[in-house]
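Here is the structure we will look at, set down as structure tokens.
The values are calculated or read from the model by the stated rules, or taken from the named source; none is laboratory data. Quick caveat: nothing in here was measured; it's all calculated off a predicted structure. Positions of Cβ are generated from backbone atoms using ideal geometry, with glycine treated the same way; all protein chains shown enter the neighbour counts.
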Amino acid sequence: MSLTTAHSVVAPSSNSKRIAGALVVGYALISIVPLLWIFATSFKTPPDSIAYPPKIVFQPSIEGYCNLFTTRTRQTPEYINSLGPATGFCDQTVRKRNMVIAGQSNFLPRFVNSLIIAFGSTFCAVFLGTLSAYGFSRFKVPLADDLLFFILSTRMMPPIAVAIPIYLMYRELGLSDTALGMILLYTAVNVSLAVWLLKGFIDEIPREYEEAAMIDGYTRLQAFWRTVLPQATTGIAATAIFCLIFAWNEYAFAALLTSGTAQTAPPFIPTIIGEGGQDWPAVAAGTTIFLVPILVFTILLRKQLLRGITFGAVRK
Amino acid sequence: MAEIRVQNLRKAFGDFVAVQDSNFVVEDGEFFVMLGPSGCGKTTTLRMIAGLELPTGGKILLGGEDVTMRRARERDIAFVFQLFALYPHMNVRKNIGFPLLAQGMASAEIRTRVEETAKLLRIDHLLDKSVSGLAGGDRQRVALGRAIVRRPKCFLMDEPLGTLDTEFRDLMVHELRELHNRIHATTVYVTHDQMEAMSMADKIAVMNHGVIEQFGSPREIYDRPATMFVADFIGSPPMNFLRFGGGLPRGAKEIVVQGAKVTVPEVREDVAAADMALGIRPEHIRFDDTSKLRGAIYGTEYLGTTQIVAVETADGIIKARVPAGIHLAPGEPVGLALSSARLSLFEKGTGRAVKTAMHDQAAEARHG
């Protein structure tokens, strides 16, 4: 997008500011409306969620959240009446639909799987990425450029292109449907991003810091730990967010390689639809909860994230 | 503190030779300056002494011990970097105490030592400040503090005043020399600034293209430059050169420049016929209408007590430093009288200085 500035090359004119502002607001609306729709749907009752025309104003209900966390069975009214008073708000809500709570749904364990796998793989990718980026930045690595290109090339193929071989390998190795397998896989995918991003950040840290530390009696590793790492925190935080977002949202590999104990939330949430009619409020509730960790993380580290995106644009 | 001995030191980066065959000795407690234009190999030499760069050949001895291939942390030296390399995530106190922490010193003792050092450098009021808010001179003092707190064998400084503005720089030159006089630490200081070198050094090595052109006291280097490069690099304005031809027999006392006879210090060696140059410091030129060496005033730069006068001669412009009181108009013809005892002779091809009576005095001065 090039916005021509007639009078100054530094300050944008008020006209171009207005256009830029309109574009930003327009884009924000396009991005935010679906999220708001999902959020609203999660508080609708199933009939409201499929009402036509769509209801903008409605009576909020947490039925979606009840359905998300439970499994239910349909019973005759006589049976439900014989049960005695409802034990909680959710119990009361489902009884209105001639159902009783049969047990916990799989959402919570799947959500926990997502947390373990996303954070675990992010940690591994950032850990390995920081060390290799430091190596590439500071040492004369033979064929460094080719190695860096090779590392980047692992990201060039769509996941689905390598999904079948990985599926077969994982089956042989007993890594199918294990958290370890998913952590390894996401680490492998993310480490390329981590190396490239962090190399840029570490390149910007003057070598004199480590050299000073090494002259003052520290080993290379101690110098790295005490002088480089503290100054690379911004870069590490930005990289961690990018890795986390990828691992958290990843669907294709998760759908193919996990089905039971290690299944993550993304492939699980759509399966809610099948349980007892098209339960859109429950799907929306799952999606809303799923969005929360990444939202919190991103808001907490938004400054680093912004720097991560614009890094290299402004030197020093 | 210890003596530093550099023997046949050489460093090549691929085909590029950064330092060739350097030899010098920095005596215990001496303030030694390596001076030269950028890219002359002075920083590379310093980094090899520090252990940040490994030499391609030669030896480095620290206090008699061969440390050529030893790791930086095993050499017991301190280094002050051009950009100070103060850790932005630590305050002043932690920065200064950082080298002591590496030695596993008890925190109470670190505290005492850091405070002692800070007092010595008059930065004790800054100890708990963050380093990022400090002024240039104070950053410099913190960097020095980090170097002296450990009491190492020697200090290495890589253009530590390069980033300071002029006002601070003069102050720090003074402070550095004063500090050196108090603690007598063997110091190797790298700079491209001749004023810093001349005002601080006990000994100077002037480097060019990886070669030490001259090693000596500031006075020796200024008065008796060993090569035309040194003569041209040191002094502002630099030494003037006037061409003359023909060889010189041992014992010659006179040369002919632009048709004028000029008395020079007695030549102490036979010089084969070749292009030669007469080197004249600007302050060794006087205006004298009776002189056969002629020129015309080209322009003047008024400096307060003196003025620099550019004179156009048959061999280009030469500059004279004369008292400010003399009034001179551009175009005015003048005769140039030279202080005979202070003139240098060079072989133009090699740039080497010819041995003259001026050098005997030097030899006497050194031995006596």
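A quick yes/no check of all residues on (1) exposed (fewer than 13 other Cβ atoms within 10 Å of the Cβ); (2) more than 30 Å from residue A:289 (Cβ to Cβ); (3) without any contact (Cβ under 8 Å) to a residue 60 or more places away in the chain:
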| residue | (1), (2), (3) |
| --- | --- |
| A:18 | yes, yes, yes |
| A:43 | no, no, no |
| A:59 | yes, no, yes |
| A:88 | yes, no, yes |
| A:95 | no, no, yes |
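Inspect all residues belonging to the range B:224-242 and state whether any of them is free of Cβ contacts under 8 Å to residues at least 24 places away in the same chain, surrounded by 13 or more Cβ atoms within 10 Å (Cβ to Cβ), in contact with a strand residue (DSSP E or B) (Cβ under 9 Å, 6 or more places away or on another chain) and closer than 27 Å to residue B:31 by Cβ. If you could, list the steps in order and put the result at the bottom.
So the first thing to find is which residues in the range B:224-242 are free of Cβ contacts under 8 Å to residues at least 24 places away in the same chain, and the list is B:232, B:238.
Narrowing the set further to residues that are surrounded by 13 or more Cβ atoms within 10 Å (Cβ to Cβ) leaves B:232, B:238.
Within this subset, residues satisfying the condition of being in contact with a strand residue (DSSP E or B) (Cβ under 9 Å, 6 or more places away or on another chain) are B:232, B:238.
Restricting the remaining residues to those that are closer than 27 Å to residue B:31 by Cβ gives B:232, B:238.
Scanning the range B:224-242, I find at least one residue that is free of Cβ contacts under 8 Å to residues at least 24 places away in the same chain, surrounded by 13 or more Cβ atoms within 10 Å (Cβ to Cβ), in contact with a strand residue (DSSP E or B) (Cβ under 9 Å, 6 or more places away or on another chain) and closer than 27 Å to residue B:31 by Cβ, so the answer is yes.
Name the one entry in A:139, A:119 that is assigned by TED's automatic domain parsing to the domain that holds residue A:224 and free of Cβ contacts under 8 Å to residues at least 40 places away in the same chain.
Details: A:119 fails: free of Cβ contacts under 8 Å to residues at least 40 places away in the same chain.
Among A:139, A:119, only A:139 is assigned by TED's automatic domain parsing to the domain that holds residue A:224 and free of Cβ contacts under 8 Å to residues at least 40 places away in the same chain.
Residue B:126 is checked against (1) over 30 Å from residue B:24 (Cα atoms); (2) within 14 Å of chain A (Cβ to nearest Cβ) and fails just one. What number does that condition carry?
Among (1) over 30 Å from residue B:24 (Cα atoms); (2) within 14 Å of chain A (Cβ to nearest Cβ), the lone unmet condition for residue B:126 is (2).
Which condition breaks for residue B:85 when tested against (1) surrounded by fewer than 20 Cβ atoms within 10 Å (Cβ to Cβ); (2) modelled with pLDDT under 90?
(1)
One residue is enough: does the range B:324-332 have a residue meeting the conditions assigned to a strand (DSSP E or B) and either out of contact with any Phe, Trp or Tyr (no Cβ under 6 Å at 6 or more places or on another chain) or not hydrophobic (A, V, I, L, M, F, W, C) (or both)?
Initially, the range B:324-332 is screened for residues assigned to a strand (DSSP E or B), giving none.
Checked against the condition, which is being assigned to a strand (DSSP E or B) and either out of contact with any Phe, Trp or Tyr (no Cβ under 6 Å at 6 or more places or on another chain) or not hydrophobic (A, V, I, L, M, F, W, C) (or both), the range B:324-332 yields no hits at all.
So residue A:258 passes all but one of these: (1) surrounded by 21 or more Cβ atoms within 10 Å (Cβ to Cβ); (2) among the polar types (S, T, N, Q); (3) more than 14 Å from chain B (Cβ to nearest Cβ); (4) without any contact (Cβ under 8 Å) to a residue 24 or more places away in the chain. Which condition number does it fail?
All conditions are met except number (4).
Would you say residue B:243 is in the same structural domain as residue B:293 (by TED's automatic domain parsing), touching a helix residue (DSSP H, G or I) at 6+ places or on another chain (Cβ under 8 Å) and of a type in the set (Lys, Arg)? Let's see the steps before the verdict.
On the way: in the same structural domain as residue B:293 (by TED's automatic domain parsing): yes; touching a helix residue (DSSP H, G or I) at 6+ places or on another chain (Cβ under 8 Å): no; of a type in the set (Lys, Arg): yes.
No; evaluated as a whole, the condition is false for this residue.
When residues of the range A:227-238 are filtered for being more than 12 Å from chain B (Cβ to nearest Cβ) and at pLDDT below 90, how many remain? Before you say what the answer is, go through the steps one by one.
If we filter the range A:227-238 for residues that are more than 12 Å from chain B (Cβ to nearest Cβ), which is where we start, we get A:235-238.
The next check asks that each one be at pLDDT below 90; those that pass are A:235, A:237-238.
Total meeting the criteria: 3.
For the range B:307-319, how many residues are at negative phi and without any contact (Cβ under 8 Å) to a residue 40 or more places away in the chain? Spell out the reasoning first.
Filtering the range B:307-319 down to residues at negative phi leaves B:307-315, B:317-319.
Those still in the list that are without any contact (Cβ under 8 Å) to a residue 40 or more places away in the chain too: B:307, B:309-312, B:317.
Residues in the range B:307-319 being at negative phi and without any contact (Cβ under 8 Å) to a residue 40 or more places away in the chain: 6 in total.
When you scan the range B:142-173, how many residues do you find that are away from chain A (no Cβ under 14 Å) and touching a residue at least 24 places away in the same chain (Cβ under 8 Å)?
The initial filter retains those residues of the range B:142-173 that are away from chain A (no Cβ under 14 Å), namely B:161, B:164-173.
Subset that is touching a residue at least 24 places away in the same chain (Cβ under 8 Å): B:161, B:164-165, B:168-169, B:171-173.
Going through the range B:142-173 one residue at a time, the tally reaches 8.
Kindly indicate which of A:50, A:101, A:62, A:56 is in contact with a Lys or Arg (Cβ under 7 Å, 6 or more places away or on another chain) and either of a type in the set (S, T, N, Q) or modelled with pLDDT under 90 (or both).
Values: A:50 fails: in contact with a Lys or Arg (Cβ under 7 Å, 6 or more places away or on another chain); A:62 fails: in contact with a Lys or Arg (Cβ under 7 Å, 6 or more places away or on another chain); A:56 fails: in contact with a Lys or Arg (Cβ under 7 Å, 6 or more places away or on another chain).
Result: A:101 is the single residue among A:50, A:101, A:62, A:56 that is in contact with a Lys or Arg (Cβ under 7 Å, 6 or more places away or on another chain) and either of a type in the set (S, T, N, Q) or modelled with pLDDT under 90 (or both).
What number of residues in the range A:214-226 are assigned to a helix (DSSP H, G or I), in contact with a Phe, Trp or Tyr (Cβ under 9 Å, 6 or more places away or on another chain) and facing chain B (nearest Cβ under 7 Å)?
Of the residues in that region, 1 qualify.
Taking only the range A:58-91 into account, find how many residues are under 22 Å from residue A:283 (Cβ atoms) and not in a loop (DSSP other than H, G, I, E, B).
Initially, the range A:58-91 is screened for residues under 22 Å from residue A:283 (Cβ atoms), giving A:58-74, A:89-91.
The next check asks that each one be not in a loop (DSSP other than H, G, I, E, B); those that pass are A:63-74, A:89-91.
Of the residues in the range A:58-91, 15 are under 22 Å from residue A:283 (Cβ atoms) and not in a loop (DSSP other than H, G, I, E, B).
Would it be correct to say that residue B:36 is more than 30 Å from residue B:129 (Cβ to Cβ), at the interface with chain A (Cβ under 10 Å from one of its Cβ atoms) and in contact (Cβ under 8 Å) with a residue 24 or more places away in the chain? Lay out the reasoning, then the answer.
Details: more than 30 Å from residue B:129 (Cβ to Cβ): yes; at the interface with chain A (Cβ under 10 Å from one of its Cβ atoms): no; in contact (Cβ under 8 Å) with a residue 24 or more places away in the chain: yes.
Judged against the criteria, residue B:36 is not a match.
In the range B:1-32, which residue that is acidic (Asp, Glu) and buried (at least 17 other Cβ atoms within 10 Å of the Cβ) is farthest from residue B:182 (Cα to Cα)? Walk me through how you get there before you give the answer.
Taking the range B:1-32 and keeping what is acidic (Asp, Glu), we get B:3, B:15, B:21, B:27-28, B:30.
Now restrict to residues that are buried (at least 17 other Cβ atoms within 10 Å of the Cβ): B:3, B:30.
Numbers: B:3: 18, B:30: 12 Å.
Ranking the qualifying residues of the range B:1-32, first place goes to B:3.
Could you list, ordered by first residue, the pairs with Cβ atoms under 9 Å in which the first is in the range B:67-95 and on the phi > 0 side of the Ramachandran plot and at the interface with another protein chain (Cβ under 9 Å from one of its Cβ atoms) and the second is surrounded by fewer than 22 Cβ atoms within 10 Å (Cβ to Cβ) and acidic (Asp, Glu), at least 6 apart or interchain?
Final answer for the pair search is B:84/A:208; B:85/A:208; B:85/A:211.
Which of the residues belonging to the range A:172-191 are under 17 Å from the mean Cα position of the chain (by Cα) and over 11 Å from residue A:239 (Cα atoms)? Give the steps one after another, and end with the answer.
Step one: filter the range A:172-191 for residues under 17 Å from the mean Cα position of the chain (by Cα), giving A:179, A:182-191.
A:179, A:182, A:183, A:184, A:185, A:186, A:187, A:188, A:189 - these are the residues of the range A:172-191 that are under 17 Å from the mean Cα position of the chain (by Cα) and over 11 Å from residue A:239 (Cα atoms).
Condition first: closer than 30 Å to residue B:329 by Cβ, hydrophobic (A, V, I, L, M, F, W, C), crowded, with 19+ Cβ neighbours inside 10 Å and touching a strand residue (DSSP E or B) at 6+ places or on another chain (Cβ under 6 Å). Can you find one or more residues in the range B:263-275 that meet it? Explain how you work it out, then say what you get.
Of the range B:263-275, the ones closer than 30 Å to residue B:329 by Cβ are B:263.
Narrowing further to those that are hydrophobic (A, V, I, L, M, F, W, C): none.
There is no residue in the range B:263-275 that is closer than 30 Å to residue B:329 by Cβ, hydrophobic (A, V, I, L, M, F, W, C), crowded, with 19+ Cβ neighbours inside 10 Å and touching a strand residue (DSSP E or B) at 6+ places or on another chain (Cβ under 6 Å).
Yes or no: residue A:241 part of a helix (DSSP H, G or I), more than 14 Å from chain B (Cβ to nearest Cβ), at pLDDT below 90 and more than 30 Å from residue A:291 (Cβ to Cβ)? Break it down into steps so the answer makes sense when it comes.
On the way: part of a helix (DSSP H, G or I): yes; more than 14 Å from chain B (Cβ to nearest Cβ): yes; at pLDDT below 90: yes; more than 30 Å from residue A:291 (Cβ to Cβ): no.
The answer is no for residue A:241.
Exactly one of (1) basic (Lys, Arg); (2) closer than 26 Å to residue B:22 by Cβ; (3) within 27 Å of the chain's Cα centre (by Cα); (4) within 14 Å of chain A (Cβ to nearest Cβ) is unmet by residue B:139. Its number?
All conditions pass for residue B:139, except number (2).
What is the number of the single condition among (1) aliphatic (A, V, I, L, M); (2) within 12 Å of chain A (Cβ to nearest Cβ); (3) buried (at least 22 other Cβ atoms within 10 Å of the Cβ) that residue B:101 does not meet?
(3)
For residues that are under 17 Å from the mean Cα position of the chain (by Cα) and either charged (D, E, K, R) or within 22 Å of residue B:28 (Cβ to Cβ) (or both), tally how many sit in the range B:167-190.
Applying the first criterion (under 17 Å from the mean Cα position of the chain (by Cα)) to the range B:167-190 yields B:169-170, B:172-174, B:176-177, B:180, B:186-190.
Narrowing further to those that are either charged (D, E, K, R) or within 22 Å of residue B:28 (Cβ to Cβ) (or both): B:169-170, B:176-177, B:180, B:186-190.
Adding up the residues that qualify gives 10.
Looking at (1) buried (at least 23 other Cβ atoms within 10 Å of the Cβ); (2) at pLDDT 90 or above; (3) part of a loop (DSSP other than H, G, I, E, B), find the lone condition where residue B:128 falls short.
Just one mismatch for residue B:128, condition (1).
Within the group B:194, B:214, which residue is surrounded by fewer than 24 Cβ atoms within 10 Å (Cβ to Cβ), closer than 29 Å to residue B:321 by Cα and touching a Leu at 6+ places or on another chain (Cβ under 8 Å)? Steps first, please.
Numbers: B:214 fails: touching a Leu at 6+ places or on another chain (Cβ under 8 Å).
Result: B:194 is the single residue among B:194, B:214 that is surrounded by fewer than 24 Cβ atoms within 10 Å (Cβ to Cβ), closer than 29 Å to residue B:321 by Cα and touching a Leu at 6+ places or on another chain (Cβ under 8 Å).
Got a number for residues in the range B:177-190 being crowded, with 23+ Cβ neighbours inside 10 Å and not aromatic (Phe, Trp, Tyr)?
Step one: of the range B:177-190, the residues crowded, with 23+ Cβ neighbours inside 10 Å are B:186-190.
In the following step, the residues that additionally are not aromatic (Phe, Trp, Tyr) were identified as B:186-188, B:190.
Final tally of qualifying residues: 4.
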